[in-house]
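Presented below is the structure to which this report refers.
The values are calculated or read from the model by the stated rules, or taken from the named source; none is laboratory data. No experiment lies behind these values; they were computed from the predicted model shown. We place every Cβ from the backbone using ideal geometry, glycine too, and count neighbours over all the protein chains shown. Calculation scope for accessible area: heavy atoms of the full protein, side chains included, ligands and nucleic acids excluded. Shrake-Rupley method; radii C 1.70, N 1.55, O 1.52, S 1.80 Å.
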Amino acid sequence: MRIAVYLDDKGFNNIDLSSCGLGNPSVGGTQLEFVLLADYLGRISTNTVLILHHNENKIPTNCEEKIVSSIEEMLSVAQLYDFLIVQSSISGIIQQVEKKMIDTVLWSHNYMRPRTLREAHKSKYIKAIVAVGKEEYHAMRIFTNKVKLIYNMIPPVRQERILNNEHIVTFIGSLISEKGFHILTKIWPQIIKRIPDAKLYVVGGGTCILERRVSDQRELQINNMKNSFSNI
């Protein structure tokens, strides 16, 4: 099967994505998952996988690649393939794949709006919508039976860490309000008050700014571990 996978890498350049199975090389979670998916599909001998992307990043050797300048160019190339796998969040993507008559799988890392789900349900070119969590799956299943549940891929743990009963909280995700990070920082002083040796590890980047100090003049402890899950 010939599969085109769109990787939105406009936000980073010159990153080695060829070994994402060893951990996240400092890219977004969605981008990491699309690389892992393409790499997995490319390991199946009957598949030919093409990653369509924008910047000079190193792609897994199991996949072919083509750099495109726009969504329009990406879709024109994808027309030559059996399926396109693409983020559901791209504006107008359903109408665009219908216009070019591309069989498409929408991979949804966030909830889709009911109107968009109804459009996807009616479109003969949207063959499936992938939800990555049970709550998301059940919420979207109300509007269409095209929704399938496939959990995010997680690189295997390569180093076991003995916690020795440490009080550790780990936040994995973008540091944006949609992920609820601001709520965690708001209640963290209460946690420190009850558990003084508690530590917070944050894996991810974003725009949230920490402006609060915890009680008893203890500064919020954050260890930013961007490079890999294996460090946790």
Q: Go through the residues of the stretch 212-225 one by one and say whether even a single one is modelled with pLDDT under 85, of a type outside the set (V, I, T) and within 20 Å of Q31 (Cα to Cα).
A: yes
**Q.** Yes/no for F171 being in a loop (DSSP other than H, G, I, E, B), in contact with a Leu (Cβ under 9 Å, 6 or more places away or on another chain), farther than 23 Å from I3 by Cα and open to solvent by 20 Å² or more (accessible area, probe 1.4 Å)
**A.** no
Q. Between a first residue in the stretch 126-151 that is touching a residue at least 12 places away in the same chain (Cβ under 8 Å) and open to solvent by 20 Å² or more (accessible area, probe 1.4 Å) and a second residue that is of a type in the set (S, T, Y) and assigned to a helix (DSSP H, G or I), which pairs have beta carbons less than 7 Å apart while being 6 or more apart in sequence or on different chains?
A. L149/Y137
**Q.** Meets criteria (farther than 23 Å from G204 by Cβ, under 16 Å from the mean Cα position of the chain (by Cα) and surrounded by 15 or more Cβ atoms within 10 Å (Cβ to Cβ)) for V49
**A.** no
Q. Quick one: which of R118, R113 is touching a residue at least 12 places away in the same chain (Cβ under 8 Å) and open to solvent by 10 Å² or more (accessible area, probe 1.4 Å)?
A. R118
Q: Can you work out which of the residues in the stretch 1-45 that are within 16 Å of N57 (Cβ to Cβ) and of a type in the set (V, I, T) is surrounded by the most Cβ atoms within 10 Å (Cβ to Cβ)?
A: V35
Q. Pick from S123, S69: which is free of Cβ contacts under 8 Å to residues at least 60 places away in the same chain, closer than 20 Å to F12 by Cβ and out of contact with any strand residue (DSSP E or B) (no Cβ under 8 Å at 6 or more places or on another chain)?
A. S69
**Q.** Sole exception among (1) at pLDDT 90 or above; (2) open to solvent by 90 Å² or more (accessible area, probe 1.4 Å) for E178, by number
**A.** (1)
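Out of S69, S89, report the one residue that is touching a His at 6+ places or on another chain (Cβ under 9 Å), modelled with pLDDT under 95, small (G, A, S) and surrounded by fewer than 20 Cβ atoms within 10 Å (Cβ to Cβ).
Exactly one of S69, S89 is touching a His at 6+ places or on another chain (Cβ under 9 Å), modelled with pLDDT under 95, small (G, A, S) and surrounded by fewer than 20 Cβ atoms within 10 Å (Cβ to Cβ), namely S89.
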